[in-house]
Structure formats: structure tokens, C-alpha cells
1. Separation between the residue 2 and residue 72 pseudo-spin-labels, each 7 Å from Cα along Cα→Cβ, expressed in nm?
2. By per-residue mean of other Cβ atoms within 10 Å, what is the highest-first order of 190-203, 288-301?
3. Calculate the radius of gyration of the Cα atoms of the range 91-251 to one decimal place, then report Dmax, the largest Cα-Cα distance, as a whole number, both in Å.
4. If you take the alpha carbon radius of gyration of the chain and divide it by 2.2 N^0.38 Å, what ratio comes out, to two decimals?
5. Largest first and to the nearest Å, give the Cα extent of the range 3-85 along each principal axis.
6. Specify the residue with the greatest mean-square fluctuation among 204, 287, 259, computed from a Gaussian network of the chain linking alpha-carbon atoms under 10 Å apart.
7. In the chain, what cysteines have no partner Cβ closer than 4.7 Å?
8. Residue separation times 0.36 nm, minus the C-alpha to C-alpha distance between residue 54 and residue 212: what's the value?
Amino acid sequence: MELSDLGLDSQLAAQAKCGADQHLARVTAVDRGRYVIRNEHGELPAELTGKFLHMVTSSEDMPCVGDWACVQYHDAGSAASIHDVLPRRSFLRRKAPGKNIDFQMIAANIDAAFIVQSCHFDFNVRRLERYLVMVNEGQIEPVLLLTKTDLVSADELDQMIGSIRAAGINAHIIALSNMTGEGVAQVREVMEAGKTYCLLGSSGVGKTTLINQLLGQDALETGAVSGSGEGRHTTTRRHLIALDSGALLIDMPGMRELGLMSAGEGLDDSFADIKLLSSQCRFTDCGHDNEPGCAIRKAIDQGELNAAHYQSFLKLKAESDFNEMSYMDKRKKDKAFGKMIRTVLKEKQK
């Protein structure tokens, strides 16, 4: 395998500033602080150097699946140390789960994200909008996969697609069934050699089964399907897989929490219809409430803008703004605390 087969292009390679005895490799798995990288010859374990950890100022600086890294080999090439991470061309991140106000990097250098929802039990336009904000914020092309179409009627499927379009979502949609194989060929057709893709969605929507379909073998373990048609969670870590077609695919566990933070551009791209309407309001500082000449209120009243879609935008924007403000406050406190510690240490050295 050449590094170009793993997704390295001239733009990424030009950004590499590796040392004389260092080489480029791609991070293919991260699991509780343990790393796996892949080079021209295969996968091997890697660890972070002390210098790298000392230079890290944020959780965003830590390597994630899909990153390109400068590594140094040791133990006859059976292990490696990660010295640096190249700038990311695209990324997936979210607010860290729980009460911790911080970013969690999910994956990087992705060309397109397959957002997977099951037609049978998981379909939810509001959750889909949340995924789209995350994907658009990271400069990744979204593709929507509606799975388990064999469990719904053609009319029900048409209604689901209609509700997606009514929410102003224009992303490419592929309807598929892992049971019948319908739609799987369409997924293969959009995947190009040397490009990186990822699967996003709740647990049990058929992501792992789809990967096995694309691999042409049951290489990954899948859970038994419940009586309701809902699958069971099997993926436990993010892992980049090379397909025989030459495309690269990142499998990842289902996400229970999709907290947003600093998602301004992602919101604008995901709710482009609302942004366009806002620009048509009479007043530039329109609050879209009772102001005269409000294009958004007019569009809602005339049935041209879905009220639930607009409320979803307001909710996601408020969440993103609040978490960003909390994060900035936390960073200021951390910097102030670090400055105090350095001052105390200097005083002791006198």
C-alpha cells in the first residue's frame, strides 16, 4: 500500500513538518489513550511522546482517527511514537459527553459522512438536523442513508423523504436494506478510491452490517436483531478500514449524546433557508418575533417555512452559544490558574 492509498494527497503532504528520522502514518484507531497507526506495510501500536503531551493545550490537539501524524519507529519497526499531528482538512467533533464543557474530537480528514437512520424505529428529522450541523461545521459532505426499508411501505418511505426535504435538507439520500441488498450498490458507487468516509448514527441502525456488505464478508461482529427490528450495539471503538475498492471507511459506535459547541458555520450551512430569509428582513437586527417586515415570521405564517424546523434552529443555536460561552470561561480560568502556578514556582526559585 502507498500512503496515497490511505488518503494522503499533495495538500496534506505539503503541511508535514516531520523530523529527519520521522515518517508519515495515519491514525486508524484510538481506544482509551492507546493508538494504532497504519503505514505502507500495515498497522502497529503507537504512543504519544512526552514532548507532544507537553505541547498540547486543548483536547482538540490530541490525535483522533483519520489524523496524519509524524511518527518515529522503534523495536525493529513493530511500534512507534507520535511526535506531531498534521493540520486537519476536515473534522468531526462534539461537546464532550456529560457535564464536562470541552470538545471531543471524533475523527478527521473525512471526505463524506454517511448519516444513518433506520426507517423502522430511529427516524427523526430533528436528530438528523443535529448530525448535519456537526458534519457541516467540520467541512464534510453529508450523505443520508435510510436503512431497513424492507420494514416499511413505499408510501411510508416517501413520507420520510418528504419530511427531510420539507426541513430544507438537500443532501443526497440513499434508501437501502441490508436484508435485501437494495441500495448497497448505490453506496459503493459514491465511494471513491483514496477518499475517506465515515458512518454516523445511533446504535442498532445497521452500520456494522452495512460495512460487512461493503467488505463482502462478515468481518465485523453484529448483534442479533430484536423483535421490533432494532439492532443491538456492537461497535466499541472508532476504526478506519480499507475496503477492496480502495475507499476508506471509519466505523464508530453509536452516539447517545450529540452536544454542539462553537457550531456557527455548521448552523448557517445546515439551516441555509433560515439564513437566507433572515437577510430579507426589513431590519438587520430583527429578532424574528413581532417586528414589522420580518421575512421569517411571514414565511412561517404563509406555510413556506416549517415552524418546527425554525424552532430546531433556535434550540441548536442557543445550545451551541451557551456551551461555547461556558468553554471560553473555562479556558480563561485554566489560563489564570496556570499563570498563578508559574508565578509561585518562580518565586520559590528566587
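Every number in this text was worked out from the coordinates using simple rules, so none of it is lab data. The structure presented is a predicted model; accordingly, all values stated were derived computationally and were not measured. Reconstructed Cβ throughout: ideal geometry from the backbone, glycine too, with neighbour counts over all protein chains shown.
1. 2.9 nm
2. Details: 190-203: 20.0, 288-301: 14.9.
With the highest mean Cβ count within 10 Å placed first, the list reads 190-203, 288-301.
3. Values for the range 91-251 (Cα only, Rg and Dmax): 15.2, 43 Å.
4. Details: Rg = 22.6 Å, N = 350, 2.2 N^0.38 = 20.4 Å.
Rg over 2.2 N^0.38 Å, computed on Cα atoms: 1.11.
5. 30, 29, 25
6. Comparing 204, 287, 259 in a Gaussian network model of the chain, the most mobile one is 287.
7. For the chain, the answer is 64, 119, 198, 294, because their Cβ atoms have no other cysteine Cβ under 4.7 Å.
8. Values: separation 158, 0.36 × 158 = 56.88 nm, distance 4.02 nm.
Additional length available on full extension: 52.9 nm.
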